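The values are calculated or read from the model by the stated rules, or taken from the named source; none is laboratory data. This structure is a prediction, so every number in the text was calculated from the model and none was measured. Counting neighbours? That spans all protein chains shown, and the Cβs are built from the backbone with ideal geometry, glycine included.
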Amino acid sequence: MLETLLELDKASFYFFNGVLTNPVLDSLMPFVTNKANFLEIILISWFAIFLTGGGKGKKTALIILLVILISDQSANLLKYMFHRERPCNALTGIRLLVGCGDSYSFPSNHATNIFASMFYLSYNYRKLSPVFIAIAVLVAYSRVYVGVHYPIDVLVGALLGFAISGFVIVLERNILTRWRQRADCNTGDIL
């Protein structure tokens with residue numbers, strides 16, 4: 001069963017990396033997959049949310065840092081548990097459009113981090129949810145397209161990011177509910 005799944009994963013990788021390609025994506029995907037290209041936009045957006053979003057913005061900006069930290073460390077932990085070699089190091093005949101790297105492949109940190117942060121932002125800013133999810137899908141897909149991750153790496157990374165963000169949201173809601181209940185009790189004592 002596992003062997004069949006890994007073979008399907010490898011065949012899917014070759015399809016996305018070698019068949020489903022074109023010159024426009026060959027230029028775009030290396031840009032999309034490089035976090036450094038978006039660092040300024042990310043920092044400006046974070047500060048804008050923090051400084052202009054009121055209480056909700058401050059809370060969201062601070063919790064997003066926690067979400068990214070948890071997602072990044074969780075993905076790293078799993079990488080060292082599974083020791084899956086990257087396709088660019090394990091396979092032949094691939095189209096490698098960026099540097100391969102020496103870290104393990106499963107799960108994709110890019111996919112884990114982007115899905116965790118974009119899902120959390122989607123929860124807090126629902127009108128922008130389609131944009132956030134599109135960004136997450138594009139970044140995750142870019143990792144397979146450029147040759148550094150298998151499809152299962154990004155799929156599991158996306159699911160892990162979604163789960164981490166969901167856990168943080170549930171935790172946040174429970175904490176806020178308790179604070180509100182305590183505030184209501186304290187207000188009732190005064191009256």
Legend entry - Filter pass, ALA36 being under 25 Å from VAL131 (Cα atoms), surrounded by fewer than 13 Cβ atoms within 10 Å (Cβ to Cβ) and of a type in the set (A, V, I, L, M, F, W, C): yes
Legend entry - Single residue of SER117, SER105 found to be closer than 19 Å to SER165 by Cα, among the small types (Gly, Ala, Ser), buried (at least 16 other Cβ atoms within 10 Å of the Cβ) and in contact (Cβ under 8 Å) with a residue 12 or more places away in the chain: SER117
Legend entry - Neighbours by Cβ (under 6 Å, 6+ apart or cross-chain): first from region 6-23, under 10 Å from VAL144 (Cβ atoms) and touching a residue at least 12 places away in the same chain (Cβ under 8 Å); second among the β-branched types (Val, Ile, Thr) and outside any helix (DSSP H, G or I): ASN17/ILE94
Inset, instruction - Taking MET1 as meeting all but one of (1) exposed (fewer than 13 other Cβ atoms within 10 Å of the Cβ); (2) touching a residue at least 60 places away in the same chain (Cβ under 8 Å), write down the number of the exception. - result: (2)
Inset, instruction - Determine whether VAL67 is touching a helix residue (DSSP H, G or I) at 6+ places or on another chain (Cβ under 8 Å), crowded, with 18+ Cβ neighbours inside 10 Å and modelled with pLDDT of 90 or more. - result: yes
Legend entry - Condition met for ASP153 (within 14 Å of the chain's Cα centre (by Cα) and among the charged types (D, E, K, R)): yes
Legend entry - Filter pass, ILE164 being among the β-branched types (Val, Ile, Thr) and within 13 Å of the chain's Cα centre (by Cα): yes
Inset, instruction - Taking the options VAL148, VAL154, name whichever one is touching a helix residue (DSSP H, G or I) at 6+ places or on another chain (Cβ under 6 Å), buried (at least 18 other Cβ atoms within 10 Å of the Cβ), part of a helix (DSSP H, G or I) and not small (Gly, Ala, Ser). - result: VAL154
Inset, instruction - For residues that are part of a helix (DSSP H, G or I) and polar (S, T, N, Q), scanning just region 54-111, find the one that is nearest to TYR141 (Cα to Cα). - result: ASN109
